[in-house]
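The values are calculated or read from the model by the stated rules, or taken from the named source; none is laboratory data. Fair warning: this is a prediction, and the values are worked out from it, not measured in the lab. Cβ placement follows ideal geometry from the backbone for every residue including glycine, while neighbour counts extend to all protein chains displayed.
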Amino acid sequence: MEGSGRRRGLGPRRRLGIWIVTLALMGGTGCAVLDERTPQELEAAYGPHPPQWEATFASPVVAPGDTWRLYLKARDPDGDIQFIHIWIEMPSRTTTPIRLAVEPEAGGLLSGYLFMNTMDFGAEMKDLVPGWIRVRLSLEDRGGHRAADAEFSLNFRFGARQEPPPPGVFEDRLLGMIPVEIAPVEPASPGRPVFRP
């Protein structure tokens with residue numbers, strides 16, 4: 001699993017390869033274009049192959065307030081990766097699922113990083129130090145095929161330094177931002193699964 005070695009600047013005028021589409025859940029607003037073709041029609045149009053992860057990496061610990069980077073590398077033989085789906089799990093809280101849209105020209109190879117500003121947890125940060133969050137990512141192509149979930153766990157520790165990714169594997173390319181939208185949840189009822197680290 002070798003990276004291309006290309007590096008791109010992150011100047012303010014740089015056009016991002018991915019824009020954010022927030023799902024319309026829990027009373028929020030969002031926008032998405034639904035394709036009403038059948039799964040068979042979609043597969044005939046875009047191909048039968050699902051996206052495949054080649055490599056992922058994220059530092060398992062950062063200092064509170066740091067910007068956390070999640071590095072991704074994936075390919076789709078049909079060249080039609082369309083969305084990155086993101087779920088954030090944390091103690092006693094729920095977050096709105098996020099969907100990032102991928103530019104069509106990047107649909108065959110996805111390599112770069114997402115970032116999350118941990119300051120976005122705001123007042124919730126007091127409950128996370130010491131503490132943890134977990135992020136799950138999945139890829140979806142235009143044919144409706146999904147990659148297996150990739151999971152990242154993060155712990156907060158004062159004075160921690162974020163580990164760098166392995167050299168030569170991922171492009172130094174910004175793929176998008178993971179926004180954090182938190183709502184309190186009621187304690188789990190009997191028979192309801194409780195997520196634990």
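Going by the structure shown, is residue 67 under 19 Å from residue 172 (Cα atoms), at pLDDT 90 or above and loosely packed, with under 15 Cβ neighbours inside 10 Å?
Here the answer is yes, as residue 67 does meet what is asked.
Only one of 61, 21 is surrounded by 15 or more Cβ atoms within 10 Å (Cβ to Cβ) and modelled with pLDDT of 75 or more. Can you tell me which?
Unique residue meeting the criteria: 61.
Kindly indicate whether residue 154 is modelled with pLDDT of 90 or more, part of a strand (DSSP E or B), closer than 30 Å to residue 38 by Cα and hydrophobic (A, V, I, L, M, F, W, C).
no
Find the residue count for the stretch 24-58, including only residues that are at pLDDT 65 or above and either in a loop (DSSP other than H, G, I, E, B) or closer than 28 Å to residue 154 by Cα (or both).
16
Does residue 197 satisfy the condition of being surrounded by fewer than 17 Cβ atoms within 10 Å (Cβ to Cβ), within 21 Å of the chain's Cα centre (by Cα), at pLDDT below 90 and not hydroxyl-bearing (Ser, Thr, Tyr)?
Against the criterion (surrounded by fewer than 17 Cβ atoms within 10 Å (Cβ to Cβ), within 21 Å of the chain's Cα centre (by Cα), at pLDDT below 90 and not hydroxyl-bearing (Ser, Thr, Tyr)), residue 197 qualifies.
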